[in-house]
Amino acid sequence: MSGKQLSVVVTRRLPEVVEARMKELFDVTLREDDTPMTTDELADAMANADVLVPTITDHIDSKLLARAGDRLKLIANYGAGVDNIDVATARERGIHVSNTPGVTTEDTADVVMALILGVTRRLAEGLRLAQSSDWQGWSPTAMMGGRIRGRRLGILGMGRIGQAVARRANAFGMEVNYHNRKRLRPEVEEALEATYWESLDQMVAHMDVISINCPHTPSTFHLMNARRLKLMKPDAVIINTSRGEVIDENALTRMLRADEIAGAGLDVFEHGNEINPRLKQLPNAILLPHMGSATVEGRIEMGEKVILNIQTFADGHRPPDLVVPAML
């Protein structure tokens, strides 16, 4: 099957250069606006296309997959995470799933460090003060935050992004610690100057900064629940750029309001863009609109990976970024 014969449906607007390249290669249907597809629109696309290109805002569960047509053979996800797709059911129906791993590692790690600095140095509070009419000028005791050099960083999830965060933290003089499903090889630990903690509870209790960099799976849902959040030191901060479901957002909000945790930097939220209103009111929380991977370069590279996966599939070969059960 050639690329031009493939019917491809894209669920969201992608960078212009990516859409232009898709038009050259495939029989592609592009989204006219940037609103997410409804369930019925997704079902219609899946019933009539050979390839679906969804994003993390498209939740493709078993019920939706049951409405897929016989033509659908590849779901080429525009994103590294695939928790929005029921991969097991897709495979049972003979539908391959691919993703775009590794592209946004450095971009997301940059935002992790930005949030660590932003929360510990109170940058959002400073910005609001400078833009208000209340600022009376410099004072020796005003807007004092904390020095990050020498602070203990606990990384929850030491995959590509976790390791990129570790490298940056080392450059800032932080002490790197981590908890992971599998311990890293000794030579990798040594290169990252990272200390492994087998017990997540023990690590959480001893850290100054917690950075969540693990995927959302059934085993990581509310991994940072109320009990585990209470283990954190009162002067510690927590950063999350992975998936909002990993933290119990209501419990975190209550503890931030009660000053039981010093601060939080969040790029993702438990219920998507429906952020707890009380969380928005907190001066010790920096909230970003899921922009960890939002660089021009990264989003174009993601599109290039999607195109490569589709073209390889069209040529009769295994997509290079095929998602297999062992990865989940």
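The values are calculated or read from the model by the stated rules, or taken from the named source; none is laboratory data. These numbers come from a predicted model, not from an experiment. No Cβ is skipped: glycine too gets one built from the backbone with ideal geometry, and neighbour counts run over all protein chains shown. Note: areas computed on protein heavy atoms with side chains; ligands, DNA, RNA excluded. Shrake-Rupley method; radii C 1.70, N 1.55, O 1.52, S 1.80 Å.
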Taking 294-307, 140-153 and ranking on average Cβ neighbours within 10 Å, highest first, one gets 294-307, 140-153
By the mean-Cβ-within-10 Å protection proxy, highest first, 106-116, 68-78 rank as 106-116, 68-78
Looking only at lysines whose Cα falls under 30 Å of LYS230's and that sit 8 or more positions away or on another chain, we get LYS182, LYS280
Applied in sequence order to segment 181-195, the curve 6.51 cos²θ - 1.76 cosθ + 1.60 (Karplus, θ = phi - 60°) yields integer Hz couplings, x standing for Gly and Pro, of 4, 10, 5, 6, 5, x, 5, 6, 4, 5, 5, 8, 6, 10, 9
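Give the accessible surface of segment 142-281 per residue, rounded to a whole number of Å², with probe radius 1.4 Å and ligands, DNA and RNA excluded. Please list the in-between numbers first.
Working: 6760 Å² over 140 residues.
The answer is 48 Å² per residue.
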For LYS73, the lysines lying under 27 Å Cα to Cα, once residues fewer than eight places off in the same chain are dropped, come out as LYS4, LYS23, LYS63, LYS305
Net charge (Lys, Arg +1; Asp, Glu -1) of residues whose beta-carbon lies under 14 Å from that of ARG12, ARG12 excluded, is -4
The answer for the net charge of residues other than MET143 whose Cβ lies under 13 angstrom from its Cβ, with Lys and Arg +1 and Asp and Glu -1, is +1
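Grab the beta carbon distance between TYR196 and ALA294, set R0 = 30 Å, and tell me the FRET efficiency rounded to 0.05.
After rounding, the FRET efficiency stands at 0.45.
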Amide H contacts under 5 Å for THR29, restricted to residues at least 5 apart in sequence or on another chain and with H modeled in the peptide plane, are VAL8, VAL9, VAL10
With all protein chains present, segment 211-309 has a carbon and sulfur share of its accessible area (1.4 Å probe) in percent of 56
In Å, the Kirkwood hydrodynamic radius from C-alpha pairs for segment 83-181 sits at 16.8
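Give, rounded to the nearest 20 debye, the magnitude of the charge dipole that segment 132-183 has about its Cα centre when Lys and Arg contribute +1 at Cβ and Asp and Glu contribute -1 at Cβ.
540
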Residue by residue through segment 144-153, the couplings from Karplus 6.51 cos²θ - 1.76 cosθ + 1.60 with θ = phi - 60°, in Hz, x for Gly and Pro, are 7, x, x, 7, 8, 4, x, 6, 8, 9
Expressed in square angstrom to the nearest 10, the accessible area of VAL9 with a 1.4 Å probe stands at 20
The answer for segment 1-115, accessible area per residue at 1.4 Å probe in Å², is 44
A 1.4 Å probe over the protein heavy atoms gives segment 133-199 a carbon and sulfur accessible-area percentage of 48
Interchain or sequence-distant (5+) residues whose placed amide H lies within less than 5 Å of the amide H of ILE286 are ALA264, GLY265, LEU266
Taking every other residue with Cβ under 14 Å from the Cβ of ALA226 and scoring Lys and Arg +1, Asp and Glu -1, one gets 0
Under 5 Å from the placed amide H of ILE210, counting only residues 5+ away or on other chains, we find GLY154, VAL237, ILE238, ILE239
Here segment 102-111 yields Karplus 3J(HN,Hα) values (6.51, -1.76, 1.60; θ = phi - 60°; whole Hz; Gly and Pro given as x) of x, 5, 9, 4, 5, 4, 5, 4, 4, 5
Taking the chain and counting helices only, DSSP H stretches of n ≥ 4 at -39,500 (n - 2.57) each over all residues, the nearest-500 ellipticity at 222 nm comes to -10000 deg cm²/dmol
Two pseudo-spin positions, 7 Å from Cα along C-beta at HIS271 and at ASN225, lie apart in nanometres by 2.0
